[in-house]
Amino acid sequence: MKQDNVNHPRHYEPLFFMREPECIDFTELMSFNRGNAFKYVWRSGLKGDTEKEIEDLEKAAWYLNRGFGQVDNDMEKNAIIRAMWDFVKKPEDNNGPRYIKYLILDAIVRFMFPSAVTRIKDRIECLKRKKLE
């Protein structure tokens, strides 16, 4: 089957092994900055090389820093986001890149932006070290 890069691009498909919400299901309920950060973390590492992964993570951190202090006040949307997130399966490998991505996305869902930025920076440093090896 041909990949549909317009309606269902592979880098936004569900990450964690079940029919779970796609990236857009979350981001269309979030504020602009929060949604963009979530999107860039979600797709990081899925578009090819390490440089693109680092770039996506840097963009995510930028949007989180820009949106720091902004809160999505729509309680109903936030309840839906958290309920959808509950359907996302936590990866079993507790140290791998998928687990790190899960933790970052979880922090964004829970408005823990400083924690998400710290984890993003750690992941970028790890990727840069691997690149130098």
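The values are calculated or read from the model by the stated rules, or taken from the named source; none is laboratory data. As the structure is a prediction and not an experimental result, all values here were calculated from the model. A quick note on method: Cβ atoms are made from the backbone with ideal geometry, for glycine too, and the neighbour counts reach across all protein chains shown.
Points worth noting:
- Test: residue in region 126-133 that is at pLDDT below 95, within 14 Å of the chain's Cα centre (by Cα) and in a helix (DSSP H, G or I): no
- Of all residues in region 108-125, those that are surrounded by 14 or more Cβ atoms within 10 Å (Cβ to Cβ) and in a helix (DSSP H, G or I) total 11.
- So Ala61, is it under 24 Å from Leu132 (Cβ atoms) and either of a type in the set (Ser, Thr, Tyr) or at pLDDT 90 or above (or both): yes
- Single match in Gly48, Gly69 (criterion: under 16 Å from Ile124 (Cα atoms), out of contact with any strand residue (DSSP E or B) (no Cβ under 6 Å at 6 or more places or on another chain) and modelled with pLDDT under 90): Gly48
- Residue selected from region 71-99 under the condition touching a residue at least 40 places away in the same chain (Cβ under 8 Å) and in contact with a helix residue (DSSP H, G or I) (Cβ under 7 Å, 6 or more places away or on another chain), by the criterion surrounded by the most Cβ atoms within 10 Å (Cβ to Cβ): Ile81
- Lone qualifier among Tyr102, Tyr63, Tyr40 - being surrounded by 14 or more Cβ atoms within 10 Å (Cβ to Cβ), touching a residue at least 60 places away in the same chain (Cβ under 8 Å) and under 14 Å from the mean Cα position of the chain (by Cα): Tyr102
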